[in-house]
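The values are calculated or read from the model by the stated rules, or taken from the named source; none is laboratory data. Predicted model only: the values in this text are computed from it and were never measured. Every residue, glycine as well, gets a Cβ built from its backbone with ideal geometry; the counts of neighbours run over all protein chains shown.
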Protein chains: 2
Amino acid sequence: MDGGEGAVRAMTATGTTKATERLVVVGGDAAGMSAASQARRLKGPAELEIVAFERGHFTSYSACGIPYWIGGLVGERDDLIARSPEEHRARHIDLRTRTEVVELDPAGSRVRARDLDSGSESWTHYDRLVLATGARPVRPRLPGIGAHGVHGVQTLDDGQRLMTTLDREKARERTGRRRAVVVGAGYIGVEMAEALIGRDYEVTVLYRGEQPMATLDPDMGGLVHSAMNGMGIRTVGRAEVTKILTDDHGRARAVVTETGEEYEADVVVLGIGVEPRTALARAAGLPLGPSGGILTDLSMRVRGHEDIWAGGDCVEVMDLIAGRTRHIPLGTHANKHGQVIGSGVAGGYATFPGVVGTAVSKVCDLEIARTGLRERDAREAGLRFVTATISSTNTAGYYPGAAQMTVKMLAEQRTGRLLGLQIVGGPGSAKRVDVAAVALTAGMTVEQVVSLDLGYAPPFSPVWDPVLVAARKAVTAVRSAGA
Amino acid sequence: MDGGEGAVRAMTATGTTKATERLVVVGGDAAGMSAASQARRLKGPAELEIVAFERGHFTSYSACGIPYWIGGLVGERDDLIARSPEEHRARHIDLRTRTEVVELDPAGSRVRARDLDSGSESWTHYDRLVLATGARPVRPRLPGIGAHGVHGVQTLDDGQRLMTTLDREKARERTGRRRAVVVGAGYIGVEMAEALIGRDYEVTVLYRGEQPMATLDPDMGGLVHSAMNGMGIRTVGRAEVTKILTDDHGRARAVVTETGEEYEADVVVLGIGVEPRTALARAAGLPLGPSGGILTDLSMRVRGHEDIWAGGDCVEVMDLIAGRTRHIPLGTHANKHGQVIGSGVAGGYATFPGVVGTAVSKVCDLEIARTGLRERDAREAGLRFVTATISSTNTAGYYPGAAQMTVKMLAEQRTGRLLGLQIVGGPGSAKRVDVAAVALTAGMTVEQVVSLDLGYAPPFSPVWDPVLVAARKAVTAVRSAGA
C-alpha cells in the first residue's frame, strides 16, 4: 500500500549516501504550516522534503478572524489567509489540500491519506512527523443538529458555509427581523453575537452556566452579561439545548431547551467550545491528556516518540500556574508551537515552556481579558487565595473618553504570589492583562506588582494604573488573611 | 522665632505623657499630599498632627494633565485637581497654601516658612519631616527669558498663567495666524506642541538635539520628527536659543537661536526639562545625587536622616537596569513615593524599590513609549548590547483601523538579558511598553520574552504580538553577536 515515492525515499533512507529526509505535516493551518515554513527556512529542499496534508481548501488562515469577517468588519475571506497553498508550494512545500490523513502508523513511520475528491488513498512514509490536526467544535448529538442553518465556526470552510447561509437568508424574502441563536457564551459565542448583530440579526445567546464567559469568575461574567443586554443581545443562562426544530425544507427554525422553551432561529451558531481533534492520534496509541489533547515534551515532541511532534489546537499545554496540562486552543500558541517544532524537526533547539492562560476578547465596545487562575482553578489546584476587585477609569479620569474598567486579582494566601487577573471594561482595557501575564510568568507577588514601573500619562492611564490599584487592594487582602 | 504652637508641641514631646507627634510636609502636590493622606489613614489626629506647606494655590493636582487642559481636551482647570486644600483640611491636615518653606533646620528639627501674601515668617517644629518640593523648569539665563508671554508649565499656577496669556492673545485683534514657539522637544515639549495646535497656533518646536524626544534613541526620535512634520508642526533641531526678543510692551515677540535665526512668537513655552527643586535641601546639608536630587534609602528616608523622608520630583530614584540613581520626575512615581512615605512616617513598612525608566506620551495620534536603557544609557552603564527594530501592525493586519508601530529592543550581548524597549506608533501602541517594563523588572532574557503568553485576539494584536516579534529578532541578534 506504500505510495511509490514514499517507498523509494524509505529505501534511500537506509542507503549509505546522505539522503533527503521527509517531513510529513498533518494539518495546514497555523501550527502545521508555521512548522513547515520554519523547517524550510532552516533546511533547503535538498536536505528536507516537506509534505503537508490539509483536509480543507485553505492554509495558514486566522480562524480567530472568522467572526470579524462574518460581521462585516473584514471585507474579504482571503484577508484572513496569511499564506495560500500556492505560496507554500512556491517555497517548496508539497502541500496537498482536500487530502485527509485517515491513519497514523508510528511503527511503520507512515501515514495513510485520502484524496477527498477522488476518494483514493495511499500511504506516505515519513522520517519526521508533525501532527497539527487542530480542534473540532463540540457538536452534541441532538435531534436537528445536522440541519441546514446550524453552523460551527472553527475552520475557514465552516465560516464559508455560514457566510453562504447568511447570504442566502439575506436573499430570501421575508417579513420581520431575522433571528440568530448562538449556543454557548465563550469567546466564540460572544464574538459571533457581535458579528450577527453587525449583520442586523436579533441575537439570542443560550448558555449552560449562570453567566456568560465561563473563562471568567461568575462575578466578572455578570458584568459581561449586563453589558451584552445593554447592547440588545438577549442572554439566557442555565439553558441546556435539547433539540433543534427544522422546517419542511430541513432548515433549522428553532432551538429548544430542556425546560421546553423554544427560541426561533433563522440561523444557529454553535460556540459551545472545541475539543482536540485527536482520533487519529488516539487510534495510533499516542499519549493523550485529561482533555484529550496530545501530550508533548517542552520541545513539542510527542512524549515517548522521537520522530513525532505535535502542536496547535490538538495538544495540551502546560499551565504554569496550575501545574497541570490544559487544552487551550489559541492561534498565538499554535504559531509559537509551529516555530518551536520547525526548529526541532530541522535539528535546531527551541522550547515552548507553557502558558499562564491569557486570553482577550470583546463584544462590541466591551473588552474582556483574563490570565492565570480563576477562583475555581485555584481551588482545583489546591491553592488558598484572596481576591481583590476594583473599578477604575483606564485613562486619567479627566481625560476625554475615559472608560471604566473592573479588575479582579487573585493572590495566594500567605505568600502573596499573584495567581490571576480578570478584566471587564471599555476600550483600552483588555491588553492591560499582559502586565499580569508577565508578572505571573516571573512568579511575582502582588506586593512586587504594586511597585511596577508602568507607563503613565493622562491619555493612557490614571496615575495609579488599574492593575496596580488591584494589586494594592490584594496586598491588603493578603495581609488581612494572615497565614 | 519658634511659632507658639510649635514650641508647645516640642515641649510636650519631651514630657512624660504620650504626646501627639507632628509631621511637617513641605510641598502640597502628589508626593507630599499622598504621604500626608496615607499617614492620616494610618494615624488619627490624636496621634499625629499633620502640617503641610504649599507655595502655590493648589494641591494634589495632575501637572501631567496641564497640556490637555491648555489644548482644550480637559474643560476645567479644577478637573485636574484630585483633592483641593479644603478637602485635605476636612481630613484633619493643616494645609497652608501660599506659604513657602524658606529654610530647613534638621539639627533643630524645624522649618522656617513665609506667608507669601503677608511676608511674615515663623519656625515650625517637626517630629517627622517630608520633603516634596518638586521640580522646577530649567530656565536658562537668557535675555528676554522673563518677558511676558514666556511660560513654563510645571505647576498648575504656571499653567494658569499660560492660559491667561492665551486667552488675552485670543482677545487681541490681529491679522494672520498666531504663532507659538516651544523650546524643547521632550515629553512636555511635544505635548505642548499638540496643545497649541489644538488652540489653532502655528507651532515651531526648537530643540538642541538631532531629533525630538531625546529620551529615545535618535533613530526612533527620527520617526517622531517625521510624524510631527506630517501634523504641521515645524521642528528645528540643533537649535540653541540665545535670546528672546520683546516688543515695546515687554511682550515676547521672537525667539533667536545661536545661528541668528529668528522665530516669531506670540507665545513661548519652555519645555527644556526640569531639575529637582532642592536648594533648601542643599542649604541644609542633605545628601544630593549627581542630578541634584535628594538621595533616599529604599523606604524613601533621606540617607543619614532618621526623621526626614523625601519623594516625588525632588528626589533621585534608583534605575534598576543601569544600577545608578536618576532624576525621573513623573506623577506616577510621586504618588508611589507618597504612599511609601506615608506608611513610613506612620510607623508602617513599605519600600520603593526603584524604576526601570518607563514613560509614555503622545503627539496627536502618534504614541511614544520607552522603558529601560537607550543605546547611550547602556554604553554609559558599561554594557555591551545588540539592538533589534521591527515594524508591525498593532492589531491583526486585516482588522479595520490596524495601526503601524515600530519597536526597538535592546538586549545584553552574551546573556540575552532584556535591556530596553522603545515604541513609536499609532493609537494602541504605547502601553505595550508595560510588557517590557515587567520583563525588565523580572530580569528576563529576550528568549524568555518570546515565550510570554500575551493576550491575542484580532482586534488587539497580530498573532505574534509586536513586542514578541522584536524579541524574536533580538534573540537572533544575540546569537549572531556571540560571546
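Assorted remarks:
- Considering B:117, B:94, the condition of being modelled with pLDDT of 95 or more, of a type outside the set (Ser, Thr, Tyr) and closer than 30 Å to residue B:169 by Cα is satisfied by B:117 alone.
- Total residues in segment B:201-239, condition of a type in the set (S, T, N, Q) and not in a helix (DSSP H, G or I): 4
- Selection count where residues are at pLDDT 95 or above, surrounded by fewer than 22 Cβ atoms within 10 Å (Cβ to Cβ) and on the phi > 0 side of the Ramachandran plot, scope segment A:272-304: 3
- The residues on offer are B:382, B:401, and the sole one that is at pLDDT below 95, more than 18 Å from residue B:449 (Cβ to Cβ) and more than 22 Å from the chain's Cα centre (by Cα) is B:401.
- A count restricted to segment B:445-460 and to residues that are more than 7 Å from chain A (Cβ to nearest Cβ) and outside any strand (DSSP E or B) stands at 5.
- Criterion violated by residue B:173 - all others in (1) touching a Phe, Trp or Tyr at 6+ places or on another chain (Cβ under 7 Å); (2) surrounded by fewer than 20 Cβ atoms within 10 Å (Cβ to Cβ); (3) more than 18 Å from residue B:25 (Cβ to Cβ) satisfied: (1)
- One residue stands out in segment A:131-156 among those that are in a strand (DSSP E or B) and not small (Gly, Ala, Ser): the one that is surrounded by the most Cβ atoms within 10 Å (Cβ to Cβ), namely A:131.
- Residue tally, condition assigned to a loop (DSSP other than H, G, I, E, B) and crowded, with 24+ Cβ neighbours inside 10 Å, over segment A:185-200: 1
- Filter result (surrounded by fewer than 19 Cβ atoms within 10 Å (Cβ to Cβ) and touching a residue at least 12 places away in the same chain (Cβ under 8 Å)) within segment A:216-234: A:219, A:231, A:232, A:234
- Meets criteria (in contact (Cβ under 8 Å) with a residue 40 or more places away in the chain, assigned to a strand (DSSP E or B), under 23 Å from the mean Cα position of the chain (by Cα) and buried (at least 23 other Cβ atoms within 10 Å of the Cβ)) for residue B:269: yes
- Only one of B:20, B:59 that is of a type in the set (S, T, N, Q) and surrounded by fewer than 24 Cβ atoms within 10 Å (Cβ to Cβ): B:20
- Of all residues in segment A:322-348, exactly one satisfies the criterion of being touching a Lys or Arg at 6+ places or on another chain (Cβ under 9 Å) and within 12 Å of chain B (Cβ to nearest Cβ), namely A:339.
- Candidate set from segment B:358-402 (those that are basic (Lys, Arg) and more than 8 Å from every other protein chain (Cβ to nearest Cβ)); member that is nearest to residue A:395 (Cα to Cα): B:370
- If the condition is being part of a strand (DSSP E or B) and closer than 21 Å to residue A:472 by Cβ, then segment B:302-314 contributes only B:309.
- So residue A:410, is it at pLDDT 95 or above, farther than 24 Å from residue B:463 by Cα and more than 7 Å from chain B (Cβ to nearest Cβ): yes
- Entry remark, segment A:413-425: residues being out of contact with any Leu (no Cβ under 7 Å at 6 or more places or on another chain), more than 14 Å from residue A:449 (Cα to Cα), within 14 Å of another protein chain (Cβ to nearest Cβ) and of a type outside the set (A, V, I, L, M) number 1 in total.
- Positions within segment A:49-81 being more than 17 Å from the chain's Cα centre (by Cα) and within 8 Å of another protein chain (Cβ to nearest Cβ), in sequence order: A:73, A:74, A:79
- Top-ranked residue of segment B:433-444 - restricted to ones that are more than 7 Å from every other protein chain (Cβ to nearest Cβ) and assigned to a helix (DSSP H, G or I), ranked as farthest from residue A:369 (Cα to Cα): B:440
- Any chance residue A:469 is over 26 Å from residue B:449 (Cα atoms), out of contact with any Leu (no Cβ under 8 Å at 6 or more places or on another chain) and either surrounded by fewer than 24 Cβ atoms within 10 Å (Cβ to Cβ) or more than 13 Å from chain B (Cβ to nearest Cβ) (or both): no
- Each residue in segment B:280-301 was checked for being assigned to a helix (DSSP H, G or I) and either free of Cβ contacts under 8 Å to residues at least 12 places away in the same chain or basic (Lys, Arg) (or both), and 1 of them qualify.
- Top-ranked residue in segment B:201-215 [being crowded, with 24+ Cβ neighbours inside 10 Å and within 19 Å of the chain's Cα centre (by Cα); ranked as nearest to residue B:263 (Cα to Cα)]: B:207
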